[in-house]
Number of protein chains: 2
Amino acid sequence: MSSRSTATGSAADADRLAPAVHSAAQTRILTAARELFAEHGVSGTSLQMIADSVGVTKAAVYHQFKTKEAIVVALVDMELGQLQLALDAAQEGRGGPDELVALMTQVIDLAVSRRRMVRTLLYDPVIVRLLAEHRPYQVFMRRLFGALLGGATDPKARVRAAMVASAIGGVVTHPLVAALDDSTLRAELIDLAQRLM
Amino acid sequence: MSSRSTATGSAADADRLAPAVHSAAQTRILTAARELFAEHGVSGTSLQMIADSVGVTKAAVYHQFKTKEAIVVALVDMELGQLQLALDAAQEGRGGPDELVALMTQVIDLAVSRRRMVRTLLYDPVIVRLLAEHRPYQVFMRRLFGALLGGATDPKARVRAAMVASAIGGVVTHPLVAALDDSTLRAELIDLAQRLM
DNA sequence: GTCTATAGAATGATAGAC
DNA sequence: GTCTATCATTCTATAGAC
């Protein structure tokens, strides 16, 4: 029926990231914005650039999204929504070390397939602030980190979890592996991640 | 006398990052800019913000640095200059696995002590483009990656090197370890990095 | 080394027509 | 859903006085 909300993991329904539906025009804008944000960052991307990339005027963009921040929020919702599904899938068969391995694999799959957006999502100052200030994002990030930490909160566990998380996020954005194709990168990452745990 | 320029390592003198000398006024501006760039990113920081932070007008800032990019370049020079010294020190006693361990330790020290700037340096789109387009930076990054790869260029080595590099860079900026003090963080990082190699 | 004042372009955002 | 036209604000950058 509804989602579980136990002490160990998933959030209550009210705190879940709601999957938003977008019109065709909105989708065109979001697709262009994703590409531009990935290349220039959020602050480095103007509404004029987005409008030009879509092939419409600024006014048309503002008709679809009230503010620039609304575009950022819609994009973050989409990306984190994917991550939420991955986390759900990993926690499906609950408990044990299997959960962590499953989570790792899911996250690696996602990170590799969305390489271009990962850096922006993890490190762009505008998005970092957004994630820190909006309740639903806070709740989700806590759940994700919780799964990564597996209950522990000591320095050793924190550094290890931070390392696994940023190693995955960092590798897929690293110039050294820019030329590698997705499947090679994914295979190597899974191999190395398991050695880290 | 002058620096070595063998096949394996250091760059010729002409390609080394030259240590610039700055006036007191310039240093005040660079210090303020470093803090603001770290928090808002380069694109998210205006010259007005820098001027306000220093306590002068924009015109005074422009008197010290001809353009905003000149400020970015000066900052990147300073930070990479530190890294260059660390790389020099690590390659002092040449060869063997010792070099890699020494490099790791040096880089971790630097990354931990400059936590706030690391994210900007590694991931800010403006700086990423700067590093990719300016010759001296390209040369230095190649040298650094070369030391990290230890000669190998296969996918496995690339992913491993990218992982070590981004694990260090990523961990020190990660919210999970924000509360840890420098020495704890450094110790845990060195421990984990060695297990990665 | 810093100021006032300003130029000229670009920014985010809105009103109203089609 | 998109357009033209416009607003107020901010942006980088410069000229010239002190």
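Converting phi to 3J(HN,Hα) with the Karplus coefficients 6.51, -1.76 and 1.60 and the offset θ = phi - 60°, segment A:74-91 yields 4, 5, 4, 4, 4, 5, 5, x, 4, 5, 5, 4, 5, 5, 4, 4, 5, 8 Hz in sequence order, with x at every glycine or proline.
Highest mean packing comes first when the peptides B:163-170, B:130-137, A:144-151 are listed by Cβ atoms within 10 Å, giving B:163-170, A:144-151, B:130-137. The helix-only estimate of mean residue ellipticity at 222 nm for chain B, built from DSSP H runs of length n ≥ 4 each weighted as -39500 (n - 2.57), is -23000 deg cm²/dmol after division by the residue total.
Compute the Cα gyration tensor for segment B:123-197, then decide on rounded, prolate or oblate, letting a ≥ b ≥ c be the square roots of its eigenvalues: rounded whenever a/c is under 1.5, prolate when a/b is larger than b/c in the other cases, and oblate in all that remain. In terms of gyration-tensor shape, oblate.
Under the rule a/c < 1.5 gives rounded, and otherwise a/b versus b/c splits prolate from oblate, where does segment B:3-76 land using the Cα gyration tensor? Prolate shape, in that a/c is at least 1.5 and a/b is the bigger ratio. Label-point spacing at A:Ala18 relative to the other copies reads 6.0 nm, in ascending order, each point sitting 7 Å out from Cα along Cα→Cβ.
Taking amide hydrogens as placed 1.01 Å from N in the peptide plane, the amide H of B:Val56 sits under 5 Å from that of no residue at least 5 positions away in sequence or on another chain. Placing a label point 7 Å from Cα along the Cα-to-Cβ axis, B:Pro136 is separated from the same position in the other copies by 4.8 nm, shortest listed first. Given axes a ≥ b ≥ c from the Cα gyration tensor, I'd like to know whether the protein assembly as shown is rounded (a/c under 1.5), prolate (a/b larger than b/c) or oblate. Judged from the Cα gyration tensor, the protein assembly as shown comes out oblate (a/c at least 1.5, b/c at or above a/b).
Counting Cβ atoms of other protein chains within 10 Å of each residue's Cβ and taking the mean over peptide A:125-133 gives 3.
Each residue of segment B:178-185 was assigned a 3J(HN,Hα) from its phi angle through the Karplus curve 6.51 cos²θ - 1.76 cosθ + 1.60 (θ = phi - 60°); the sequence is 4, 8, 6, 7, 4, 6, 4, 4 Hz, with glycine and proline shown as x. Computed from label points 7 Å out along Cα-Cβ, the spacing between B:Arg114 and B:Arg142 is 2.2 nm.
What residue among B:Asp88, B:Asp154, B:Asp77 shows peak mean-square fluctuation when chain B is described by a Gaussian network model with Cα springs under 10 Å? Checking each option, the largest mean-square fluctuation is seen for B:Asp154. Mind checking which of A:Asp98, A:Asp124, A:Asp181 has the largest fluctuation in a GNM of chain A, springs on alpha carbons under 10 Å? Of A:Asp98, A:Asp124, A:Asp181, the Gaussian network model singles out A:Asp181 as fluctuating most.
Within the straight-line cut-off of under 18 Å between alpha carbons, the lysines reachable from B:Lys58 are B:Lys66, B:Lys68, sequence neighbours fewer than 8 places apart in one chain being disregarded. Take each residue in B:35-45, count the other chain C-beta atoms within 10 Å of its C-beta, and the mean is 4.
Phi-derived couplings, Karplus 6.51 cos²θ - 1.76 cosθ + 1.60 at θ = phi - 60°, listed residue by residue for segment B:147-155: 4, 5, 7, x, x, 6, 9, 6, x Hz, with x used for Gly and Pro. For the peptide A:114-124, the mean number of other protein chain Cβ atoms found within 10 angstrom of a residue's Cβ is 3.
A short reminder: the numbers here are calculations on the coordinates, not readings from a lab. As the structure is a prediction and not an experimental result, all values here were calculated from the model. We place every Cβ from the backbone using ideal geometry, glycine too, and count neighbours over all the protein chains shown.
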